[in-house]
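For reference, the structure discussed in these notes is given below.
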Amino acid sequence: MSDAITRAYELLDAQDREGAIACLRIADGAEAAGLLGELLLEAGQAAEAADALSRALSADPDHSLWLRALVSALMQAGRREEALAAGHTLLTLRPGDAAGQAAMARLTLDAGDREAALAHAREARFLAPSDLSIVTATALVLVDADEALAAVEMLDAALRHAHPADPAQPAGWVALGKAWQHLGEPEKAAKAWQSALDLDPADPAGAALLLTGLTQVGRQTSLPPSFVRALFDTYADRFDRELVGKLRYDAPQALRHLLMEHGVPAGGRVLDAGCGTGLAGVAVRDRAHYLAGFDLSPRMVEKAQARTVYDLLWVGDLVDSMVTRPQAFNMVLAADVLVYVGDLNPVMAAVAATLTPAGYFAFTCERSEGDGFDLHEGRRFAHGERHIREAAEAAGLVLIHLAHHSTRIDRGNPVPGWIALALKPV
């Protein structure tokens, strides 16, 4: 060990970190450069740390600790492409490096490669299921990749088993709150962020700012797509059995009857918006020359595909799936889909965009006695008559039928609802 490194360690023992850094800056050799890079990274001087670590690695390219530190320094310095290259080198050398896998999950997601990011996240979780720092970093990647439910599950387990003195706890609770917020659960998010503050009032993870932001958020006008996707991915295997068997769900049959009652022509191009497992597709297949469907949940689309009644299926967002297909369909069906949307104006406009002139929109939703819309305790929206009529009118649709109809029961009682048919004028 050189005299400079020995002196640097003496200064560190004396709690003189700045003195140790100054000593190492004028020292020669890879070991001095590596230690300097590690100290600079801890001090938040990422750009200089990356340069020092690069010098150290030029002499010892297989030093995995310096490689890991270099990845972190480059990420913090915003040098993402260099960080990706360093991460690949690290994992080639040490594929079992959990911190490296977590870093690569973030880097590949930011680079737009979601599948690679999820693969790295799974590996990081497998390698270090009890390391709260790594679990937290991985969970934040999952949240940003719209896998917030998986993030909640892994963080909940890690936090329950974390040591009370683990300094990573506040950041873990903040990450859990972000996952709950992503899933449309503000009360659970607030509880998690308050836990972070209770653990460390100095608030290194920024929980107080997140809590303040949460209290300033306005009225919720829709449920987060990640919440809906996670809900139905989980529900897909038992959806038909519970919805039809237990809840006596009849929206597909009711919509079919509505179409026939109003003499809506058969044989056109029909879009099943929010198709779920394909129950509505089965109900109207014989009335469609071409039947397409989409859903936000990949598992639901898989179930619908197995019915072999659709000409085309895809995973997609409710509004985007329609506005990107202008005048493509003669009819749009939405069987109990609008219960996951508050403000109907964007949906009505999207329907009007995808319908041909003289096209029809048939839908069901839950009923509110007020004028607007309400999010009730079941995490479903109920809509008032005035809001439905105004949203349809604003989109240029003519509402030709709007009547009370309950599509299912809840706790033994019919759920108040609407069934409606709108026309896009020629």
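The values are calculated or read from the model by the stated rules, or taken from the named source; none is laboratory data. All values derive from a computational prediction rather than experimental measurement. Note: ideal-geometry Cβ built from the backbone for every residue, glycine included; neighbour counts use all protein chains shown. Side chains included, ligands, DNA and RNA excluded: accessible areas come from the protein's heavy atoms. Shrake-Rupley method; radii C 1.70, N 1.55, O 1.52, S 1.80 Å.
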State which residue is most open to solvent (accessible area, probe 1.4 Å) when the search covers only the range 276-293 and only residues that are among the aliphatic types (A, V, I, L, M) and within 17 Å of His257 (Cα to Cα). Val282
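Rundown of residues vs (1) at pLDDT 90 or above; (2) touching a strand residue (DSSP E or B) at 6+ places or on another chain (Cβ under 8 Å); (3) closer than 22 Å to His161 by Cα; (4) surrounded by 15 or more Cβ atoms within 10 Å (Cβ to Cβ), yes/no style:
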{"residue": "Leu65", "(1), (2), (3), (4)": "yes, no, no, no"}
{"residue": "Leu70", "(1), (2), (3), (4)": "yes, no, no, yes"}
{"residue": "Ala102", "(1), (2), (3), (4)": "yes, no, yes, yes"}
{"residue": "Arg106", "(1), (2), (3), (4)": "yes, no, no, yes"}
{"residue": "Ala137", "(1), (2), (3), (4)": "yes, no, yes, yes"}
{"residue": "Ala145", "(1), (2), (3), (4)": "no, no, no, yes"}
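If you go through the range 377-404, how many residues are part of a loop (DSSP other than H, G, I, E, B) and either free of Cβ contacts under 8 Å to residues at least 24 places away in the same chain or closer than 16 Å to Ala350 by Cα (or both)? Steps first, answer last, please.
To start, the set of residues in the range 377-404 that are part of a loop (DSSP other than H, G, I, E, B) comprises 377-380, 384, 395-397.
Next, only the ones that are either free of Cβ contacts under 8 Å to residues at least 24 places away in the same chain or closer than 16 Å to Ala350 by Cα (or both) stay: 377, 384, 395-397.
Number satisfying all stated conditions: 5.
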For Thr407, work out the one condition from (1) modelled with pLDDT of 95 or more; (2) in a loop (DSSP other than H, G, I, E, B); (3) buried (at least 17 other Cβ atoms within 10 Å of the Cβ) it doesn't fulfil. (1)
Quick one: count up the residues across the range 324-351 that are open to solvent by less than 10 Å² (accessible area, probe 1.4 Å) and part of a helix (DSSP H, G or I). 6
Count of the range 341-352 residues which are over 22 Å from Asp374 (Cα atoms) and at pLDDT below 95: 0
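Does the range 413-424 hold any residues that are open to solvent by 60 Å² or more (accessible area, probe 1.4 Å) and either outside any strand (DSSP E or B) or modelled with pLDDT of 95 or more (or both), and which are they?
Just the residues of the range 413-424 that are open to solvent by 60 Å² or more (accessible area, probe 1.4 Å), to begin with: 413-414, 416.
Across the range 413-424, the qualifying residue is only Pro416.
Asp371: part of a loop (DSSP other than H, G, I, E, B), more than 16 Å from Leu271 (Cβ to Cβ) and touching a residue at least 40 places away in the same chain (Cβ under 8 Å), yes or no? So that I can check it myself, show each step before the final result.
Details: part of a loop (DSSP other than H, G, I, E, B): yes; more than 16 Å from Leu271 (Cβ to Cβ): yes; touching a residue at least 40 places away in the same chain (Cβ under 8 Å): no.
Taking the combined requirement at face value, the residue does not satisfy it.
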Do the conditions hold for Gly87, that is, is it in contact with a Phe, Trp or Tyr (Cβ under 9 Å, 6 or more places away or on another chain), modelled with pLDDT of 90 or more and buried (at least 17 other Cβ atoms within 10 Å of the Cβ)? no
Cβ-Cβ under 7 Å, sequence separation 6+ or interchain: first residue in the range 86-98 and within 17 Å of Ala121 (Cβ to Cβ), partner in a loop (DSSP other than H, G, I, E, B). Which pairs? Leu90/Asp97; Leu91/Asp97; Ala98/Ala128; Ala98/Asp131
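Here is a list: Leu375, Leu313. Which entry is surrounded by fewer than 23 Cβ atoms within 10 Å (Cβ to Cβ), over 18 Å from Asp295 (Cα atoms) and in contact with a strand residue (DSSP E or B) (Cβ under 7 Å, 6 or more places away or on another chain)? Lay out the reasoning, then the answer.
On the way: Leu313 fails: over 18 Å from Asp295 (Cα atoms).
Result: Leu375 is the single residue among Leu375, Leu313 that is surrounded by fewer than 23 Cβ atoms within 10 Å (Cβ to Cβ), over 18 Å from Asp295 (Cα atoms) and in contact with a strand residue (DSSP E or B) (Cβ under 7 Å, 6 or more places away or on another chain).
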Of all residues in the range 271-286 being outside any helix (DSSP H, G or I) and not small (Gly, Ala, Ser), the one that is farthest from Val319 (Cα to Cα): Thr277
Looking only at the range 108-132, and only at residues there that are touching a residue at least 12 places away in the same chain (Cβ under 8 Å) and of a type in the set (Lys, Arg), the one that is least open to solvent (accessible area, probe 1.4 Å): Arg114
